[in-house]
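Data first, discussion second: the structure below is written as structure tokens.
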Amino acid sequence: MAACSSSFTLCNRTTFHSPVPQRKTLVTKSQFSVPTKSSESNFFGSRLSHSSYLSPLSSSSLKCSIFAKVNKGQTAPDFTLKDQNGKPVSLKKYKGKPVVLYFYPADETPGCTKQACAFRDSYEKFKKAGAEVIGISGDDSASHKAFASKYKLPYTLLSDEGNKVRKDWGVPGDLFGALPGRQTYVLDKNGVVQLIYNNQFQPEKHIDETLKFLKAA
């Protein structure tokens with residue numbers, strides 16, 4: 001039998017190579033490529049692309065998901081956004097009456113549609129309580145107009161493209177900021193926040209809780 005450092009020969013016919021040590025490679029998260037093509041999924045009323053839920057979270061998004069900037073007892077900061085007809089609307093316009101302001105993830109998603117229709121079905125009760133209902137999401141005015149028309153929504157929808165107002169108010173997200181949050185504020189006639197209600201997974205509870213509060217106020 002003849003031996004060498006890399007192989008040995010048996011019966012002069014078959015050669016077996018001794019194994020060559022392999023380097024172990026540690027695969028890190030950064031080596032995975034994230035798909036660039038967006039594939040929409042509905043998750044409790046939110047549109048997500050693969051890139052959005054695989055991307056690492058920034059410290060600012062995590063902070064926003066935990067710490068609110070507008071709290072009960074504070075005067076709500078004013079803003080101006082376009083409604084479903086493309087007309088600018090300021091929050092201060094409604095001073096003098098209670099306002100139910102609800103932030104929701106997106107038009108035409110199951111949870112958000114259910115919530116919007118529940119506000120529609122109880123709209124007369126809100127009017128009887130003297131309150132205005134306003135919905136806000138990051139969709140543009142055209143999307144809001146189609147959404148309101150399709151479901152016959154009688155109240156104002158505001159377009160917060162870029163989610164600036166959502167961020168200014170510190171509306172908490174879900175899943176550590178991966179999902180836009182679903183949060184409702186009730187302002188009194190002086191624009192002071194009297195109730196904050198957050199429930200991502202039971203959209204219709206927002207209507208029940210705000211009506212209960214308005215009736216007791």
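The values are calculated or read from the model by the stated rules, or taken from the named source; none is laboratory data. Keep in mind it's a predicted model, so treat the numbers as computed, not measured. Neighbour counts run over all protein chains shown; Cβ positions are idealised from the backbone, glycine included. Accessible surface is based on the protein model in full, side chains and every heavy atom, while ligands, DNA and RNA are left aside. Shrake-Rupley method; radii C 1.70, N 1.55, O 1.52, S 1.80 Å.
Just going by the charge dipole of the stretch 85-217, with Lys and Arg at +1 and Asp and Glu at -1 on Cβ, which of 180, 133, 116 is farthest out on the positive end?
133
Taking 0.36 nm per intervening residue step and subtracting the Cα-Cα distance, what contour gain separates residue 208 from residue 75 on full extension?
45.5 nm
Using the structure shown, select from 97/164; 127/215; 127/205; 69/145 the pairs with a Cα to Cα distance greater than 22 angstrom.
97/164; 69/145
Over the heavy atoms of residue 193, what accessible area does a 1.4 Å probe trace out, to the nearest 10 Å²?
My reading of the accessible area for residue 193 is about 0 Å².
For the stretch 163-212, give the magnitude of the charge dipole about the Cα centre (Cβ charges: +1 Lys/Arg, -1 Asp/Glu; no others), in debye to the nearest 20.
It works out to roughly 160 debye.
Can you give the accessible area per residue of the stretch 74-217, in Å², using a 1.4 Å probe?
It amounts to 46 Å² per residue over the stretch 74-217.
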